[in-house]
Protein chains: 4
Amino acid sequence: MNKTVNTATILMHCDDQIGIVAKVTEFIQNNRGNILALDQHVDHEEGQFFMRIMWDLAEFAIPKDKIQDYFQTLIASAYNMQFKVYFSEDKPRMALFVSKMDHCLFDILARYQGREWNVEIPLVISNHEDLRSVVEQFGIPFYCFPITKDNKEAQEAKELELLEKYNITFVVLARYMQIISPEFISKYPNKIINIHHSFLPAFTGAKPYHAAYKRGVKIIGATSHYVTTDLDEGPIIEQDVTRITHRDTVDDLVLKGRDLEKIVLSRAINLHIQRKTLVYNNKTIVFS
Amino acid sequence: MNKTVNTATILMHCDDQIGIVAKVTEFIQNNRGNILALDQHVDHEEGQFFMRIMWDLAEFAIPKDKIQDYFQTLIASAYNMQFKVYFSEDKPRMALFVSKMDHCLFDILARYQGREWNVEIPLVISNHEDLRSVVEQFGIPFYCFPITKDNKEAQEAKELELLEKYNITFVVLARYMQIISPEFISKYPNKIINIHHSFLPAFTGAKPYHAAYKRGVKIIGATSHYVTTDLDEGPIIEQDVTRITHRDTVDDLVLKGRDLEKIVLSRAINLHIQRKTLVYNNKTIVFS
Amino acid sequence: MNKTVNTATILMHCDDQIGIVAKVTEFIQNNRGNILALDQHVDHEEGQFFMRIMWDLAEFAIPKDKIQDYFQTLIASAYNMQFKVYFSEDKPRMALFVSKMDHCLFDILARYQGREWNVEIPLVISNHEDLRSVVEQFGIPFYCFPITKDNKEAQEAKELELLEKYNITFVVLARYMQIISPEFISKYPNKIINIHHSFLPAFTGAKPYHAAYKRGVKIIGATSHYVTTDLDEGPIIEQDVTRITHRDTVDDLVLKGRDLEKIVLSRAINLHIQRKTLVYNNKTIVFS
Amino acid sequence: MNKTVNTATILMHCDDQIGIVAKVTEFIQNNRGNILALDQHVDHEEGQFFMRIMWDLAEFAIPKDKIQDYFQTLIASAYNMQFKVYFSEDKPRMALFVSKMDHCLFDILARYQGREWNVEIPLVISNHEDLRSVVEQFGIPFYCFPITKDNKEAQEAKELELLEKYNITFVVLARYMQIISPEFISKYPNKIINIHHSFLPAFTGAKPYHAAYKRGVKIIGATSHYVTTDLDEGPIIEQDVTRITHRDTVDDLVLKGRDLEKIVLSRAINLHIQRKTLVYNNKTIVFS
């Protein structure tokens, strides 16, 4: 997609009713919005309607700062619809959390430096000093908050303060080896993306590669999901797998897994940045 | 999908213009059609709009036999739109062409006997007698038309006669080892599905497994496409691949390829039966 | 591989020691055996050595019926080695167990009829009558043993009698919906192959597609494994996966899963027939 | 694998003859070499035998600098064998050639900085200045040799001088957008690794993503191969693919392809570093 096009995107859902698609598309097209993408989904079991629509703002009759209001009044209220408007001009602002492993970090920073994504990364936070030089090598501020049982609450408070200061809109845990507290999670609902180094729900918890080795699986995986208070149980955004054999030691799994982890996490981040994910009932709709 | 739901599906395309989605969805929803699937695509390079829409006919106000007419008058003419209406009640009727290899044939007939698809297979045609017993074992009429240089035109004429007699709507070449003449193809435009045993456009023509072996590729593929008069150049519907190694002989490639061929061909047939494919500019739109 | 070549294959394992490969290859090559395949593996964690070696018997100096004895005396006893000799002339004899679903059954019988495998399938056993006509359509005897809580022991006894009568060497559960008793399993250790319709160890037990749907995974899998007394916990032979989306209903998962199940089960059967699998410590070595 | 183990690896090939495996393994094991990996392959069509064997040098009786000589005298000469001995202590030395695209460069340098590979990268060479800062950010010398029709011979001569000065053992073209001259290639036979951004042999030459888009393929690929004087025709080391749809523009293919290119190139480099590749007849044997 041409990145210079100025677009609005709405993600919406409500009880399934006849006429919604017509109403929404009419609203945009009657106001001279050129629809660039439209994807809808009906979950017949739940009776829910979901839609993502993106249009070009160039000729759009309604001013940007009135769109939310007009859509609420003219469409959403009639259908009791949940929705959110996003603008391509407002870049999502990502905070990156890391510990000691650098493969996901490098993959993300390389894409960032190569301008692959429409995102800002104003800071990186870690509980260890190890990756400071890597981060600073990319010219990004690095903050270290070592975590112990005793200081966790206080340190997280400082982290949250920092996220607020930097206007962070979502958080990425790039092999951050700490469990985030429910209080922290509640500030960023469905806005914290984690990478788990297994094909969930297989091998939840610690040391999934050891568990996979012990079980003798022939394929390993990685899973990116939104973080909820249930560990490794949040809505899955993206997964991928790779073949292994009896020859692969745990160390080999770790190495092969690294390539999976970075690709799967980066794909999930990319979907989030493009506003293509919507969470409902602890599952994701991933719009095309 | 619940197969007892009575649905209509329209595949359409036209020059991209503002307002089409609103108009089409309004047409269906104002007439009490419950939209079950909607997928649209804009090819910005070609300036073309494509859409597939499927709705439940249970409450639909317009009688089934008037839908074509109403849609033409109320929608299509204004947009200079090409479209086609399909009904789930009207099962596509497939003619299967085979030669001597039985793997695709078995895969298709097993699905047919297991009622996996909404299709009728009234006959199988071959240029050899070899598979007669397999076909008849499934209770399907088998017709044999041996082809030589001299009799090709005459034999194809008989085949076409048979297809007409059986009201065939599309043809599947399940490793049928004869080139179909342009005259035959012109009777079933974008309605003849072939499986080619390579990852097209690599290894067109005869003996692709031998060519793949000789080139030393690490992955082989299979490609299902609509047949056009340019051999192996028709619009691709589906492809898939599998890994090979230096250990694999040509015979191994043939064996591994068989599993690919049958899966890829069956997926393509399934997409065709569900009216999810639309050909434009020698490429397919595959709706979701 | 040319199927008319007469070969012997030895699968062996023992504590890892220096000199084994040299000794074994010397034994074969000094007796004019042409080695066609050799694959060895050392599990350094367990200190175990594993090897599969296959050679052409055409010029082999030791008579076929003496090989077991000579190898034991000259090689195996010195290394305290477990081993087993197989001959290509002695076709494995497979008993197929099915219930009501026909997709794996069709896939296996089609390969059998097409002579894809070096195997005999002398009978099919089921707990239901549903698939009798399919099996008999392929000219194979079909036996039905309906299972209830009360008659299970007696019915299994009859099944085992039948397997003995037919000289069955291994059993394939092709979506057979009954749990095999420990007594039955103990008669065919690492010789009963099951297909489980999930990516084990995720979604063990009943209704894995429902569980996968509920969890919102983006990939589903199938797993073929040897049956042990721990349900779904036996040594994994082969796994594969396919992508799904939020659009896929449970019924869609079932349909997509069918193609996975049949391919994964058939690959596992093929490995077993070729004597390429060796079980150690509840894991498989799969030789190349 | 534990990287502190000191190993020797021999890659060998010769006409297939009885007794080679026994002789080679005996040579190593009689001299108290503990075999860590052995993989052999017979190409029956070509009548060629191939083998890779790696052993622990800790207790090995023959001094490191005599192994080549002893193996030649005691084994290789009898079988008219081509072979090469490698030691884990002697790290391969890679020269990286780049142009303007940074994704493969970043992926390789991140692995290098993270010590994922047993390799040295003493320098990066480019025909453009664009990536100087990226390379220097990783603390690696960067040399720029702009290439024109007129200066190509002279510039390549300078590059070769530099490679010699740095004792370079192999070259990686990480999206280097220049054709290497036959003279240059002849200095590094089967030691120049290229990444081509298509599934070869489909879409050779320039702009493969444009060609793939035009043809309407449903899967795109990337291919890593050794460079020969026939453009895009060298022995393939590794390939991989990813799915695309009608929605993907050429720009989307370029983006998706970047992830493929970097993974495929890095896998090929890893195989080369581990001495797992052997070229014969313009194809690779990739040992396990």
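The values are calculated or read from the model by the stated rules, or taken from the named source; none is laboratory data. What you see is a predicted model, and the numbers here were worked out from it, not measured in a lab. Please note: Cβ atoms are built from the backbone with ideal geometry, for glycine as well, and neighbour counts cover all protein chains shown. Protein only, heavy atoms only, side chains kept; ligands, DNA and RNA dropped before computing areas. Shrake-Rupley method; radii C 1.70, N 1.55, O 1.52, S 1.80 Å.
Structure notes:
- When its C-alpha radius of gyration is set against 2.2 N^0.38 Å (N residues), segment B:115-242 gives a value of 1.14.
- Per residue of A:177-185, other chain Cβ atoms within 10 Å of the residue Cβ number 0 on average.
- In the elastic network of chain D, a GNM with C-alpha springs shorter than 10 Å, the most mobile of D:Asn167, D:Asn30, D:Asn270 is D:Asn30.
- Ascending list, in nanometres, of distances separating the C:Arg247 label from those of the other copies (7 Å, Cα toward Cβ): 0.9, 3.8, 3.9
- J(HN,Hα) series, segment C:191-203, from Karplus relation 6.51 cos²θ - 1.76 cosθ + 1.60, nearest Hz, glycine and proline x: 10, 10, 9, 10, 10, 10, 8, 7, 7, 4, x, 6, 6
- Centroid-to-centroid separation of segment D:1-59 and segment A:171-217 [C-alpha atoms, Å]: 42
- Surface burial for D against C, with a 1.4 Å probe and both sides summed, reaches about 1500 Å² of accessible area.
- Relative contact order, percent, chain B [alpha-carbon distance under 8 Å, six or more residues apart]: 15
- Estimated FRET transfer efficiency (D:Glu46, A:Glu46; beta-carbon r; R0 56 Å; 0.05): 0.40
- Shown in residue order for segment D:240-252 are the 3J(HN,Hα) couplings computed by the Karplus curve 6.51 cos²θ - 1.76 cosθ + 1.60 at θ = phi - 60°: 8, 9, 8, 7, 10, 9, 4, 6, 6, 7, 4, 4, 5 Hz (x for Gly and Pro).
- Between B:Ile179 and A:Glu129, the distance separating the two model label sites (each 7 Å from Cα on the Cα→Cβ line) works out to 7.4 nm.
- Placing unit charges on the Cβ atoms of the charged side chains and taking the dipole of segment A:138-251 about its Cα centre, the candidate lying farthest along the positive direction among A:Pro201, A:Ile179, A:Thr242 is A:Thr242.
- Mean separation of Cα contacts under 8 Å (6+ apart) over length of segment C:7-87, as relative contact order %: 46
- Mean per-residue shielding of peptide C:144-150 is 0, counting Cβ atoms of other chains within 10 Å of each Cβ.
- Taken along the Cα-to-beta-carbon direction at a fixed 7 Å, the label points for D:Arg243 and A:Arg93 span 3.7 nm.
- D:Leu231 accessible area, assembled protein chains, probe 1.4 Å, Å²: 100
- For residues of A:9-21, the mean tally of beta carbons on other chains within 10 Å: 3
- Reported value for chain B: 146 Å³ per residue, from the convex hull of its C-alpha atoms.
- Per-copy distances of the B:Ile140 label point, shortest first, in nm (7 angstrom along Cα→Cβ): 2.1, 5.6, 5.7
- Long-range HN-HN contacts of A:Thr284 with modeled amide H, under 5 Å: A:Ile236
- Sorting the segments D:274-282, D:181-189 by their mean number of nearby beta carbons within 10 angstrom, highest to lowest, gives D:274-282, D:181-189.
- Value at 222 nm in deg cm²/dmol, rounded to 500, when DSSP H runs of n ≥ 4 in the protein assembly as shown each add -39,500 (n - 2.57): -9000 deg cm²/dmol
- Taking the empirical scaling 2.2 N^0.38 Å for compact globular proteins as reference, the protein assembly as shown has a Cα radius of gyration ratio of 0.97.
- Formal net charge of residues neighbouring D:Phe184 (Cβ-Cβ distance under 14 Å; K, R +1; D, E -1): -2
- Under-5 Å amide H pairs with B:Ala37, H placed in peptide plane, nonlocal only: B:Met54
- Rounded to 0.05, the FRET efficiency of the B:Glu164 and D:Val250 pair, given R0 = 35 Å and the Cβ-Cβ distance, is 0.25.
- A point 7 Å from Cα along Cα→Cβ stands in for B:Val5, and the other copies hold the same point at 3.0, 5.5, 5.8 nm, listed in rising order.
- Cα-based Rg of segment B:1-160 normalised by 2.2 N^0.38 Å, two decimals: 1.39
- Applied to segment D:56-67, the Karplus parametrisation 6.51 cos²θ - 1.76 cosθ + 1.60 on θ = phi - 60° returns per-residue 3J(HN,Hα) values of 7, 8, 3, 9, 5, 6, 8, x, 3, 7, 9, 4 Hz, with x for Gly and Pro.
- Residues whose placed amide H lies under 5 Å from that of B:Leu200, excluding near-sequence neighbours: B:Thr223
- Nitroxide proxy distance, nm - points 7 Å out along Cα→Cβ at D:Asn80 and B:Glu120: 6.9
- One residue of chain A places its C-beta nearer than any other to the axis carrying A onto C; that residue and its whole-Å distance are A:Ala202, 2.
- Taking a point 7 Å from the Cα of A:Thr4 along the Cα-to-Cβ direction, the residues of segment A:59-81 with backbone N closer than 19 Å to it are A:59-60.
- Shape class for segment D:1-64: prolate, because the ratio a/c of the largest to smallest gyration tensor axis (alpha-carbon atoms, square roots of eigenvalues) is 1.5 or more and a/b beats b/c.
- Nearest-ten-degree value, helix D:103-113 long axis tilted from longest Cα axis of chain D: 40
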